[in-house]
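Report on one structure; see the data block that follows.
The values are calculated or read from the model by the stated rules, or taken from the named source; none is laboratory data. Keep in mind that what you see is a predicted model, and the values were worked out from it rather than measured. Here the Cβ positions follow ideal geometry from the backbone for every residue, glycine too, while neighbour counts run over all protein chains shown. The protein model used for the area step is the full one, side chains on, heavy atoms only, and it has no ligands, DNA or RNA in it. Shrake-Rupley method; radii C 1.70, N 1.55, O 1.52, S 1.80 Å.
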Amino acid sequence: MMPIGPLMIEHRLIERMIDVMKEELVLIEKEKKVAPEFIEMAVDFIRTYADRCHHGKEEDILFRDLGGKNLKDEHRRTMEELVEEHRLGRKMAGRLVEANAKYVQGNQKALSAIMDCIKSLVEFYPKHIEKEDKHFFIPCMDYFTNSEKDAMLKEEWEFDKSLIHEKYRNIVIAAEKILTAKKL
Ligand SMILES: [Fe+2]
Ligand SMILES: [Fe+2]
């Protein structure tokens, strides 16, 4: 498998979650309410899977190694755009977390902010994924030898392996902080 294989498979799962979010958005607009647990689930998916796991492998492995190659202007420009888009995606998720926190506290006005954030995310991801799948990943493979591609794929598996431990270590750290704050 080429190192873009796992990345493209991950794109398909991100698309499924984006489809769910699109349909939920229609329901939120209709019912004028949202289940905060749904937003928490969507944010966890976006932050942990789409950003940390997926964009993480793109930036820390594929883009890092492309950075050492003599890229055509077109490819270098696209790679810079993709990194910037990842940054924007993180901002959108952050805004959704803030809006959801306000909504949970009873601020009804936060509902329209939640809807705006979901709308931005469901518009953003398909375009970003299409740019990578159709215009970037495949031509970029030509910059690498077979052994370089194999090494990247191996590094991707290693990257994924450590993530479950990172996620739950962070959950324990957060739980410890909450407990300490309660004791103060
Ligand atoms: Fe990306
Ligand atoms: Fe991607």
Accessible area of Ile18, 1.4 Å probe, to the nearest 10 Å²?
10 Å²
In Å, the Kirkwood hydrodynamic radius of the range 76-184 over pairs of distinct alpha carbons?
17.7 Å
Carbon and sulfur: what percent of the range 1-142's accessible surface (1.4 Å probe)?
54 percent
Placing +1 on each Lys and Arg Cβ and -1 on each Asp and Glu Cβ in the chain, then taking the dipole about the Cα centre, the residue among Pro6, Cys53, Ala42 whose Cα reaches farthest towards the positive end is Ala42
Percent of C-alpha pairs per 5 Å bin, the range 1-94, short to long
3, 11, 18, 21, 18, 11, 8, 5, 3, 1, 0
In square angstrom, what is the accessible area per residue of the chain with a 1.4 angstrom probe?
60 Å²
Between Asn100, Phe63, Leu121, whose Cα lies farthest towards the positive end of the dipole of the range 1-155 when Lys and Arg beta carbons carry +1 and Asp and Glu beta carbons carry -1, centred on the Cα centre?
Asn100
So for the range 1-42, using the alpha carbon gyration tensor with a ≥ b ≥ c as root eigenvalues (a/c under 1.5 gives rounded; past that, a/b versus b/c decides prolate or oblate), I'd call it prolate
Could you tell me the largest-minus-smallest coordinate of the C-alpha atoms of the range 103-143 on each of the three principal axes, in descending order and whole angstroms?
53, 14, 7
Return the subset of Lys134/Lys154; Lys127/Lys154; Lys119/Lys177; Lys32/Lys177 for which the Cα-Cα distance in this structure is over 26 Å, preserving the input order.
Lys127/Lys154; Lys119/Lys177; Lys32/Lys177
Give me the accessible area of Thr48, 1.4 Å probe, in Å² rounded to the nearest 10.
50 Å²
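For the range 46-184, what is the charge dipole size about the Cα centre, in debye to the nearest 20, if Lys and Arg each add +1 at the Cβ and Asp and Glu each add -1 at the Cβ?
960 debye
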Keeping every protein chain in place, order Ser120, Ser112 by accessible area at 1.4 Å, biggest value first, i.e. largest first.
Ser112, Ser120
Just flag the GluC sites (Glu not before Pro) in the range 87-182 sitting in loop per DSSP whose Cβ has no more than 16 other Cβ atoms within 10 Å.
none
If the viscosity is 0.692 mPa s and the temperature 37 °C, what Stokes-Einstein diffusion coefficient in µm²/s follows for the chain when Rh is the Kirkwood radius over Cα pairs?
181 µm²/s
